[in-house]
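What follows is a short report on a single structure.
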Amino acid sequence: MKTINELQQRAEELRNKTQMLSISPEDTFGLQRDILDYLADLERNSKSIGIRKTYPSVAAMLADGDEPIGSNGKPLLFGQLVAICDVNDRSNAENGFIYAYQNRNENPWLLVGNINNINEAEAELIADTIMQRLLTISKSEINNITNF
């Protein structure tokens, strides 16, 4: 799968070709196909809010480094969520913690809540709050996310 930067570079190369017949149908339609593949993947993987990875402990999450990879094999993006759940120790005090990835900052993880002690109404309120925040992300923040 081509990255957004690769697609932009190919589009720029085509834009700079000015001689007659210097762009083949494969150049044009190949770029369109790759853009549609990119958009389909983007829609599948970034449209829904969800837990992108589950760690057995906060220590395991922190040990994952500055560029953690989600369960889908893709790097976590700004604002994506991870959960702490130790299935071997249900009494672990860290179980249920939800963190949002904040990129390569001094502290890349922001504790956003604990789902162990919430009821359905609180869960809906949290989901609504997260959705409202996502809807207010500026174009520059989106560009930062896609140019990581």
**Asked** Of 97, 29, 78, how do they rank once you tally other Cβ atoms within 10 Å and put the fewest first?
**Response** 29, 78, 97
**Request:** Return the FRET efficiency for the residue pair residue 41, residue 91: r is the Cβ-Cβ distance, R0 is 41 Å, and the value is rounded to the nearest 0.05.
**Result:** 0.55
**Per residue convex hull volume, Cα atoms of segment 1-110, in Å³** = 111
**Request:** Quick one: order 82, 58 by neighbouring beta-carbon count within 10 Å, fewest to most.
**Result:** 58, 82
**Asked** At residue 60 and residue 112, where each label point lies 7 Å from the Cα along Cα→Cβ, what is the point-to-point distance in nanometres?
**Response** 2.1
**Request:** Sticking with the crude label model, points 7 Å out along Cα→Cβ, report the distance from residue 16 to residue 33 in nm, one decimal please.
**Result:** 2.5
**Message:** Net charge within 9 Å of residue 81 by Cβ-Cβ distance, Lys/Arg positive one each and Asp/Glu negative one each, not counting residue 81 itself?
**Reply:** +2
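Return 131, 61, 20 ranked ascending by Cβ neighbour count within 10 Å, so the fewest neighbours appear first.
Fewest to most other Cβ atoms nearby, the residues stand as 20, 131, 61.
Each reported figure results from applying straightforward, stated rules to the coordinates on display, with no laboratory input. Owing to the predicted nature of the structure, the values given are computational and were not obtained by experimental measurement. All Cβ positions, even for glycine, are placed from backbone atoms using ideal geometry, and neighbour counts span all protein chains on display.
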